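One structure is given here, and the rest of the page talks about it.
Taken together, the values in this text are just the output of simple stated rules run on the coordinates, not laboratory data. Here the structure is a predicted model, which means the values were calculated and not measured. Cβ sites come from the backbone with ideal geometry, for glycine too, and all protein chains shown count toward neighbours.
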Amino acid sequence: MIKVFFDDRCPICSREIDYYKRITPSADIVWCGISQHISTLEKNGISYIESLKVIHAINTENKHFRGVDVFILIWQQTSNWRWFAKIVKLPVIYHVSKALYSIFAHWRFNRLPLCKIGNKNDCLKL
């Protein structure tokens, strides 16, 4: 079982996660919107701000994943995307994917309305 922590207040993230919810077996992934799982994040050593910046996941062995590695985990659980997970895991493609995700995540975080209040460290706490 994999727990995926995603920004449930972000329309981009929610739309993508809704798609993955429809195509993955329900027993394989627990989808955790971060706005409703702050204490679970903290118990697992993930700050709310960090979870806003980058998607996170924890597997049954309590191993933490973030960014592209989370998507690889998700894709490995779906029959239609397993092939893509294998491609993205190839060394050069993996590093390029990590860089592209980092750029996207930074852009997305900077445009979040709930983080427009003053300093990025002063994001709205729930």
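Overview of values
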quantity	calculated
Cα long-axis angle, helix 11-23 against the chain (0 to 90 degrees, to the nearest 10)	30 degrees
GluC sites (Glu not before Pro) restricted to DSSP loop in region 1-79 with at most 15 other C-beta within 10 Å	GLU61
Potential extension, THR40-ILE87 segment - 0.36 nm per residue separation minus Cα distance	13.7 nm
Entries in LYS43/LYS63; LYS21/LYS86; LYS3/LYS43 that, when Cα-Cα distance is taken, lie over 18 Å	LYS21/LYS86
MET1 paired with LYS98, simple spin-label distance in nm, labels 7 Å along Cα-to-beta-carbon	3.0 nm
Entry for semi-axes √(5λ) of the Cα gyration tensor in Å (calculated from the structure that is shown) out of (i) 24, 17, 13; (ii) 29, 18, 12; (iii) 22, 17, 14	(i)
Anisotropy class of region 61-104 from Cα gyration tensor, a/c 1.5 cut	oblate
Residue-averaged 222 nm ellipticity for the chain, from DSSP H runs of 4+ at -39500 (n - 2.57), nearest 500	-14500 deg cm²/dmol
Trypsin sites (Lys or Arg not before Pro), loop per DSSP, at most 12 other Cβ atoms within 10 Å - longest free stretch of the chain	1-62
Cα→Cβ-extended label distance, 7 Å offset, between ASN62 and ARG15, nm	3.8 nm
